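**Q** To start, I am sharing the structure in question, which I have written as structure tokens.
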Amino acid sequence: MPRESAGAGFAYAKDQYRVPFPPGTGQVTSLDQLPVFSGCSLVSVNIIAAVAATGAGASRTFNVRKGSATGTVIATATVVLADLNALGEVKTIAPVATSGTADLIDSDTVTVEWAAAGAVAFTAGEFIIELVTRRRLQQHN
């Protein structure tokens with residue numbers, strides 16, 4: 001089996017998932033327990049407007065969690081209407097600053113959920129969730 005190479009650098013991957021804005025104001029899981037590449041770290045999460053969002057005063061808290069919808073939060077942000085009200089707008093979310101929190105191993109999954117607390121509903125729109133991960137390149141002997 002190949003091993004990680006300290007001198008070979010890193011590879012970055014961008015995995016994209018298109019989903020509608022969550023309806024109403026309740027807790028919604030957009031992506032549930034996605035498998036991830038073993039030995040990677042979450043670098044950032046981009047939310048990209050695929051269909052312009054609408055909803056007066058719309059605001060939702062977006063969480064990326066390790067594991068299920070009740071797992072450890074590894075990235076979080078509040079998304080407001082002004083962030084995504086035009087096609088192609090991007091909101092970038094950095095991982096939570098706790099050391100090692102965004103490191104993922106082969107048994108880990110990632111869940112994307114919208115919290116209910118403080119939510120003001122979006123009335124329309126679709127977005128693309130882009131998970132940006134980094135892993136060490138492997139050395140082949």
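**Q** Match the structure shown to one of the listed values (i) 75; (ii) 60; (iii) 56 of percent of Cα pairs over 18 Å apart, computed from it, and give that label.
**A** Derived directly from the coordinates: (iii).
**Q** Counting Lys and Arg as +1 and Asp and Glu as -1, each charge on the Cβ, what is the dipole of the stretch 17-135 about the Cα centre in debye, to the nearest 20? Show your work: numbers first, answer last.
**A** Details: 7 positive and 9 negative charges, 19 e Å.
Here the size comes out at about 100 debye.
**Q** Residue 31 versus residue 137, label points 7 Å from Cα toward the beta carbon: distance in nm?
**A** So the two model labels end up 2.5 nm from each other.
**Q** Kindly state, to the nearest 0.05, the FRET efficiency for residue 106 paired with residue 46, given R0 = 25 Å and r defined as their beta-carbon distance.
**A** That gives a FRET efficiency of 0.55.
**Q** Which Cα, out of 127, 104, 70, lies furthest along the positive dipole direction of the chain (beta carbon charges, K/R +1, D/E -1)?
**A** Value computed over the given set: 104.
Only the coordinates and a few stated rules stand behind these numbers; no lab work does. If you're wondering where the values come from, they're calculated on a predicted model, not measured in any experiment. Backbone-built Cβ (ideal geometry, glycine too); neighbour counts: all protein chains shown.
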